[in-house]
1. Residues of region 92-123 being under 21 Å from residue 70 (Cα atoms), touching a Phe, Trp or Tyr at 6+ places or on another chain (Cβ under 9 Å) and either in a loop (DSSP other than H, G, I, E, B) or not hydroxyl-bearing (Ser, Thr, Tyr) (or both), which ones?
2. Restricting the search to region 1-48, which residues are over 20 Å from the mean Cα position of the chain (by Cα), of a type in the set (A, V, I, L, M) and either at pLDDT 85 or above or within 21 Å of residue 123 (Cβ to Cβ) (or both)?
3. Would you please list the contacts, defined by Cβ atoms under 7 Å and residues six or more apart or on different chains, that run from a residue in region 159-179 that is hydrophobic (A, V, I, L, M, F, W, C) to a residue that is buried (at least 22 other Cβ atoms within 10 Å of the Cβ) and not in a helix (DSSP H, G or I)?
4. If I ask for residues that are exposed (fewer than 15 other Cβ atoms within 10 Å of the Cβ) and either part of a helix (DSSP H, G or I) or touching a strand residue (DSSP E or B) at 6+ places or on another chain (Cβ under 8 Å) (or both), which ones from region 70-86 would you list?
5. Which residues, taken from region 58-97, are hydrophobic (A, V, I, L, M, F, W, C) and over 14 Å from the mean Cα position of the chain (by Cα)?
6. For region 153-212, how many residues meet the condition of being part of a helix (DSSP H, G or I) and either of a type outside the set (Val, Ile, Thr) or modelled with pLDDT under 65 (or both)?
7. Out of 124, 91, which single residue is modelled with pLDDT under 95 and not aliphatic (A, V, I, L, M)?
Amino acid sequence: MYSYWQAFWDFLDPRRKGPWCWQYGWKSILFIGLVTYFTYQWFVGPRHCPFAGVMWLMTIGIHEAGHPIFRFLFFGNFKMTIWGGTLMEVGVPLLCFFYFLHKGKEIQADICLLLLAIAFYSVGHYAGCSLDPVISLLNAGPETLPDWDYMHKWLGTEGYEWHFRHAFYALSAFTTAIGSCLFFKHFWVWNNPDGHNYNDDDDGHDRFFTRN
């Protein structure tokens, strides 16, 4: 009998190419585990890549756009205006991921997973901003408080800033790992439609790695 659950998956991932449908071997599991570990250590370490800062500015722009959008949608409600930044920052790459997956464009969906990882890192950074001596806020005045100062009060999680920050960092690291793994796998399948598994030929079957 055709179930609602089956209908849901048929709509969400009709070609079954999402991260929950891939057959992971030991190499993929090892890759995901190592990338997750080293990416997390990079996040919590003293050094940061300048390129990551550039990518971070992209997701911050989506965050800042979320405040006026949610203020408009919820008729100026202060709580939803504050929540709008984080919800928009995470929601946009997540919705794009599901959109491309539904369309069967798995490589684009994998890139959206990587953008989602950047969003998780950004949320983690600001979720623990009270731990930092200096925090940079965009569009902020002298009386402006960080979003998560309010959100921790509403959630009743004051005192758990460190845990929230590192939970989002770990989630970002894992999303980076699985997004990278799937991107490489999907790209390989797309580039080698005949499955010959090598690229040093001129038979015209490679879509990307061709000599002519």
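The values are calculated or read from the model by the stated rules, or taken from the named source; none is laboratory data. Because the structure is a prediction, the values reported are computed rather than measured. All Cβ positions, even for glycine, are placed from backbone atoms using ideal geometry, and neighbour counts span all protein chains on display.
1. 116, 120, 123
2. 30
3. Listed by first residue and then by second, the contacts come to 162/128; 164/128.
4. Our first condition is that a residue be exposed (fewer than 15 other Cβ atoms within 10 Å of the Cβ); within region 70-86, this holds for 72-79.
Passing the criteria: 72, 73, 78, 79.
5. Narrowing region 58-97 to residues hydrophobic (A, V, I, L, M, F, W, C): 58, 60, 62, 65, 69-70, 72-75, 78, 80, 82-83, 87-88, 90, 92, 94-97.
Residues satisfying the conditions are 65, 69, 70, 72, 73, 74, 75, 78, 80, 82, 83.
6. Here the count works out to 30.
7. 124
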